[in-house]
Amino acid sequence: MQLRPHGRAWIARDDVPGMFAIGVARAIFNLNRVIRIQRVAPMMCALSMMVFMGALHACAVSAGKDPMKSLSNPESLPVVQVAAMEVLDQTPTPQYISALKRMMWQPGFAESTRLEAFVRLVKLDEPGLKEILRLQLPKLMALAWRQKLCELIVEHQWVDMTPTLVRAWSVPMAAWIEHDKDRPERIAIEQLNGKEKLTDLLVKMLVDSNPITEANLRLRCWEMLQKLGERERLVQLLADASVKPDDRLLDNLRSCAGELGIVPTTKEEILWLQALLETKNMVFWGQAKEATMQLPQEVRVKLEIRELPVAVAVSKLKPELLKLTPLQLYQIVEERRQANGSRIVSPSFEGYGGDHTENLYEMRNKLSWGDLASMVIAMEMFDSASLRQQMFDLADRDMADRDTEFGGVIRIGAAGKPEILEMTPRVRGNDLRYESSQKMFDNAYTGLFHFHLHCQSYDNMQYAGPHLGDFAYADSTRANCLVFSFVSRKELNVDFYRHGPMVVDLGCISRPKKDA
């Protein structure tokens, strides 16, 4: 492509829209000048305008030399993409239909252009359109288009898209819609099926959906029923042994509710439960049942899946804690914090919204038995110089590695003692992230803590403690977590956190003196 000078800029010869815009501007200016100065007769003005509009029509927006290329390129102007559709509409090919489908989810396209593509797909391949929406709507991040799609599904009365809307609704979308009742996916479900039937619909989908091909949908239905406050209805469902007695999911949930009194809340907790019920973890399951039976009744009725490894660890390391109430455990943690005298180090959340605190006293009313027992165990296990040495060795290596944060699992080993398992991250390439692997999750189901380190420098006080990504991780996994942060060469700050977000600064541990 050759360039020619135009004033002080260089303009491509085939820049049709650009050259056309300049020509239109000049024509309008000259026409106005003629009318204003020479006061041309009305007939001449009308004739001039007709000529001008004819030229305008002749110079309509071009779809380019390759309409398919113009359509598929998100950087093309919307008018060019629509012009390309109009050309390709004449002989719609499978390649053209595929390009229209990509426009439903691929980033970069204007909503108006996506809508043009949607209209065409309804005519050309409605089943294919529905299939691409089933795959892409739950993870679509173009939020305005996501909302528009929900409205279009209602407009076309696609009741069969209800499962897709449920899966999309169950995906947390931070800082998008303040109140869950205002989520466009939920509104669409209610408009398609009746607002008063929402709960019944979710229960039916939970019970009747295919246990193999729609396993994820069933978990999402359970999760949304919990979110709607329908825990008691779920308890009644599990109590009715006549409902799908041979169903693996319901059987697992009945075992958990009947043997431990725990009704999982989220999809991740159900996956955790299913892992614990595997043959390789049956010994742990038996230990969990035995340990939780010793807890106070008011504690047992509020237990979460994440507290099972804590109860088992306590039964092995400090069995006397099983009899204590949360208030008694709080006093132990507070006394230990005071006795240690180690400083509290809080990260900076400047520029972020929300009220963040790591103060034990301020969090006291939000802490469960499992939270407080976890803190007691964490503080006591790092009295061990060998365990501290292992953590400082890991932190020093993390400091030298600029490709990832380090992390892993802390658990009670076969010998009945705490041990640190370093886990290779799933991916590397970012010194500000630790990406948990599936192997880590497999080991963490019976472990005490997921942990990672903030050790970009020896003076990392500004980032000591969990940050927003860590809070999101805890909310997603429902795990008990620890983060270790260098605040000096000789000290690592330790924070306990879990979903909520809830975080408590446990103070600092010191590098063993021989290595100081």
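The values are calculated or read from the model by the stated rules, or taken from the named source; none is laboratory data. On a predicted model such as this, the values are computed, not experimentally measured, just so you know. Methodologically, a virtual Cβ is constructed for each residue, glycine included, from the backbone with ideal geometry; neighbour enumeration extends over all protein chains shown.
Numbers at a glance
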| quantity | calculated |
| --- | --- |
| Residue 278 vs. criteria at pLDDT 95 or above, surrounded by fewer than 17 Cβ atoms within 10 Å (Cβ to Cβ), of a type in the set (D, E, K, R) and closer than 22 Å to residue 257 by Cα | yes |
| Filtered residue count, the stretch 288-317, keeping only those that are in contact with a Ser or Thr (Cβ under 7 Å, 6 or more places away or on another chain) and in a loop (DSSP other than H, G, I, E, B) | 3 |
| Among residues of the stretch 318-340, those that are among the aliphatic types (A, V, I, L, M) and part of a loop (DSSP other than H, G, I, E, B), counted | 1 |
| Search result, residues across the stretch 459-516 that are touching a residue at least 40 places away in the same chain (Cβ under 8 Å), in contact with a helix residue (DSSP H, G or I) (Cβ under 9 Å, 6 or more places away or on another chain), surrounded by fewer than 21 Cβ atoms within 10 Å (Cβ to Cβ) and hydroxyl-bearing (Ser, Thr, Tyr) | 476, 510 |
| Selection count, the stretch 356-370, where residues are without any contact (Cβ under 8 Å) to a residue 40 or more places away in the chain and in a helix (DSSP H, G or I) | 2 |
| Residues of the stretch 460-483 satisfying the condition of being in contact with a strand residue (DSSP E or B) (Cβ under 7 Å, 6 or more places away or on another chain) and either of a type in the set (Asp, Glu) or not assigned by TED's automatic domain parsing to the domain that holds residue 506 (or both) | 470 |
| Some residue of the stretch 246-254 being buried (at least 16 other Cβ atoms within 10 Å of the Cβ) and within 22 Å of residue 370 (Cβ to Cβ) | yes |
| Contacts under 7 angstrom Cβ, first residue in the stretch 371-396 being under 24 Å from residue 434 (Cα atoms), partner of a type in the set (Asp, Glu), 6 or more apart | 389/515; 392/515; 394/422 |
| One residue from 283, 263 being in a helix (DSSP H, G or I), of a type in the set (Val, Ile, Thr) and at pLDDT 95 or above | 283 |
| Residue within the stretch 112-129 that is within 25 Å of the chain's Cα centre (by Cα) and hydroxyl-bearing (Ser, Thr, Tyr) present | no |
| Residues satisfying the stated conditions in the stretch 77-109, i.e. touching a residue at least 12 places away in the same chain (Cβ under 8 Å) and either touching a His at 6+ places or on another chain (Cβ under 7 Å) or in a loop (DSSP other than H, G, I, E, B) (or both) | 77, 89, 92, 103, 104, 105, 106, 107, 108, 109 |
| Condition check for residue 190: assigned by TED's automatic domain parsing to the domain that holds residue 99, under 15 Å from residue 202 (Cα atoms) and of a type in the set (Asp, Glu) | yes |
| Wholly enclosed helices (runs of 4 or more DSSP H) of the stretch 141-214 bearing at least 3 residues surrounded by 13 or more Cβ atoms within 10 Å (Cβ to Cβ), of a type in the set (Ser, Thr, Tyr) and in contact (Cβ under 8 Å) with a residue 12 or more places away in the chain | 162-170 |
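Here is a yes/no grid of residues against (1) surrounded by fewer than 14 Cβ atoms within 10 Å (Cβ to Cβ); (2) more than 30 Å from the chain's Cα centre (by Cα); (3) not assigned by TED's automatic domain parsing to the domain that holds residue 368:
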| site | (1), (2), (3) |
| --- | --- |
| 268 | no, no, yes |
| 273 | no, no, yes |
| 283 | yes, yes, yes |
| 303 | no, no, yes |
| 311 | no, no, yes |
| 321 | no, yes, yes |
